[in-house]
1. Pop out the Kirkwood hydrodynamic radius of region 367-429 from its pairwise C-alpha distances, inverse of mean 1/r, in Å to one decimal.
2. For Thr316 and Ala575, calculate 0.36 nm times their separation in residues minus their Cα-Cα distance, and state this gained length in nm to one decimal.
3. Given H placed on each backbone N at 1.01 Å, which residues far from Arg329 in sequence or on other chains put an amide H within less than 5 Å of it?
4. Separation between the Lys607 and Lys462 pseudo-spin-labels, each 7 Å from Cα along Cα→Cβ, expressed in nm?
5. Per residue, how much accessible area does region 282-382 show when a 1.4 Å probe rolls over the protein heavy atoms, in square angstrom?
6. For region 59-65, in order, what is each residue's ³J(HN,Hα) by Karplus, 6.51 cos²θ - 1.76 cosθ + 1.60 with θ = phi - 60°, in whole Hz (x at glycine and Pro)?
7. Tell me the per residue accessible area of region 162-272 using a 1.4 Å probe; a whole number in Å² is fine.
8. Starting from the amide H of Thr491, placed 1.01 Å from N in the peptide plane, find each other amide H under 5 Å away whose residue is 5 or more places distant or on another chain.
Amino acid sequence: RMSDADVADEEDEVDVDVDIDDVEARMLSPCVRKVALGSANHQAVSALTHTPQGAVMEILENAMGRNARGIHLSLDDFGTGTSFFVSISSTSISIDDFRVCLDQRPRKRDERTHQLSVFGDGMKSSANCLMDGVGNLWVLAKQSGDWWMSRYGKALDDWLQPTVQETFRDTMLVQTKWDMANACALSESGVALLPSEVEPYHLKFVGNSPLQGAAGDARQCVARMFELLDKVTTRHGYEDAFMQVVGPLSERSLADGKSTTVVQKSGGNTASLLVWQQGGSQIDMSSMIASQYIPATSLLAKSHNPTTDLPNPSATMKFYVQGKLVDMRASPWSKIDAKPSAVIDVICFGRKVAEMQIKPLAKGGFRNFDPNKPLELQARCGALVATEGGRILSLDPHDFLQDRLCMRKLCGSTSVLASYIDFYSSGGVRTFPNLHSKFSLLMVEPCRYTRNDFCRFAELVKTLGKDKQVFYRAIGAASVALVQLQIYLPTNTSKTQLDLQQPSTMQQLQLNDAAPIETEHVLGAIFRTLVEHTFGQELQALEKEADEKQQAAAAAELAAAEKKMAAAKAAAAKAAAAAKEVLVAEAQAKRLRGAAQQKAKAEAEAKKKAAAEAKVRAERATAAAEREKRQITLVKATANSSGKKRKGAEMLQGQPAAKKPQGMKDGRGTSSVVSKSKVEQALGKSLDKFAEQAESWPSAARRFYAQMMELRQTLRVAAVAAAPPAEAAQMAAPVMHRHKHKPKVVHSHEEAADEEERDDKEEGDEGDGDVQFNVRRLLDSKVAECARVDGWRKGTRLYLVEWEDGPDGETYETSWQPLKDISKGLRDDFHSQYS
């Protein structure tokens, strides 16, 4: 056997120590040989390199490294009742690579590429992890219509070397070419084995495994594996394929004390698989796969790999678990509900070493602000760094800030996350600029922003009254970055940390340069790019807000000035309007005063004129009264004279003698005595004239008029008594009243009686009162034109009255009477009849 130290001294070509010659080995004739450079310690090799999760991911990486289009992961028992973990990928492998794929190292040192090494330690170590180093690994391949098969594992070693002590056993390998038509291994000449050789040889592929106890012979058990491979490749159209079968699977303890295999089906759901993880819990395999790679929808996943000039395998390769397609968009990055930035180049010493996208968080993601709720992964700040092939090293962004991405620390005792927490505890506007010097030590190259920019930032925060969250956003404490390396950086076997002991691609290319690019330089450039982006964004936002605030203040001042100017203009206009109103009011007051003075003057003149007219009317009334007195005195004297003559004649004839009135000639001359009719006519005219003026008379004149009316009645009675019988009878007959002041008109005899009774009560012993007349009906109505035409003032409402006969049968002419002398009942009856 050859040790690893021996390999270092070998020439480029490493000879494979097998029991048959190289020609037979290359033809893949049925053979059993030991693994070149192998080790029998399967358990020790696998235990230190993988976890069950890492083992599954290693199988995926093997397929991705050879540019497979799809990979299918499932559990199958092949009729044994024992679960085997199966992976089938569209991987193309040549006969030479298949012959040495289970050897410990590639054949040549210059072929130490990922494409060959994945079929070395990685494939065997992942299988040993899933079965704790005591099971079997079957490798099957399809290449251009040919089918091949190999078996590897401790169970094979125990089967082939039962008498050899385990410490001294060789790691063995069984290989053959398979005939799909006859379901058996082929000889070196390409024909089927002899019947005596079939079972013993096939038994080497299933011996000391659960397949040995399955129903049927060993050949049928092997054929079941090829049938599954043929079924998948036919369904998905794979021309070439590579298949691994691992089992039986080891067991682990769950948190509740129960045992489970490292990979098992999810209860009754055959479309899901669960993988055991540290702490006794299980994770869904589909979710685990999707979370380990850059999301297929990300711009980073669609960019071409600088080494292969192909897009990320996560964006082009399809993953199936139990036949169901895995959604590669369900990653921690996709769970952050924020819009990502554009792709940002990470430059280190003038060369592009990575690409980056950044998402902002709702608040600082460096600590748990809610003590009752843990800080979830999608709420943590930091960076998710992926390898050149798109595999994310750690799903915890804090690992980047805490210097956990490398197998040893780079930053000493102080990490970026510790600086964030210190600033949260005691930092503020004054201490913020100090972070510039701390971060500059980790950025390798100078930051684009200086300490003065940090001071300017702190001043703007203070001026604008911002809280500390703006500081967290500025230094990347409230953001998460998704980074994909554009160079090859070596990792550990599980691809969860960077291996600082192995040189990177850029370092190898610059061995002759003064400043080779190392892993720590790349990580420092990533942090510098993150802070430059977040700080630049926040500084620009603050400056914009400060400018807007300044512009708003200037606009407010301008608006205030314009408002004051408008108010001043309005006040001036208002003052001018008020002055105009004052002038108008003064003019109006002047007019009103003039009008009032004119009105007062007119009223004074009217009063003066009315007083003069009243005085004239009173004087006229007094003169008229004096004339009436004189006429009455004359009438009395005439009446007395006539009475004495008539009395003497009557006495001569046995009756008083009727004498002629004094002043009258017996038909031959004019009477010297005023006749009774003339006296009465003159008196009536005087009284009618007095009646027209009575309304405007003073109270003394009205009393005098009443006395005259009483005197008239007295004279009437005296004249009737003094007149001859014939004249007395004529004088006693009722006279048709034509003057306007009739006694009050009533409607019926009952009303007349009531009226007379009321008048008697009012007049008392002052005389017999006015004569009452009863109305039969109203015949017509009109409005007086003037006193000259109708005897009444213009506009007076008049009614044409038909009178009832007097108490002694006397009749009266119809006459026009004013509205005030007509009772309301008569008017209503008239208007209701003629309306």
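1. Details: mean 1/r = 0.0757 Å⁻¹.
With all distinct Cα pairs of region 367-429 included, I get 13.2 Å.
2. Values: separation 259, 0.36 × 259 = 93.24 nm, distance 8.27 nm.
That works out to 85.0 nm of additional length.
3. Ala296
4. 8.9
5. Working: 4930 Å² over 101 residues.
Per residue, region 282-382 has an accessible area of 49 Å².
6. Running phi through 6.51 cos²θ - 1.76 cosθ + 1.60 with θ = phi - 60° gives 4, 5, 5, 4, 5, 5, x Hz.
7. Values: 5400 Å² over 111 residues.
On a per-residue basis, 49 Å².
8. Here the answer is Asp499, since their amide H atoms fall under 5 Å of that of Thr491.
The values are calculated or read from the model by the stated rules, or taken from the named source; none is laboratory data. Remember, predicted model here, so these are calculated numbers, not experimental data. Every residue, glycine as well, gets a Cβ built from its backbone with ideal geometry; the counts of neighbours run over all protein chains shown. Remember, those area values only see protein heavy atoms, side chains included, never the ligands or the DNA or RNA. Shrake-Rupley method; radii C 1.70, N 1.55, O 1.52, S 1.80 Å.
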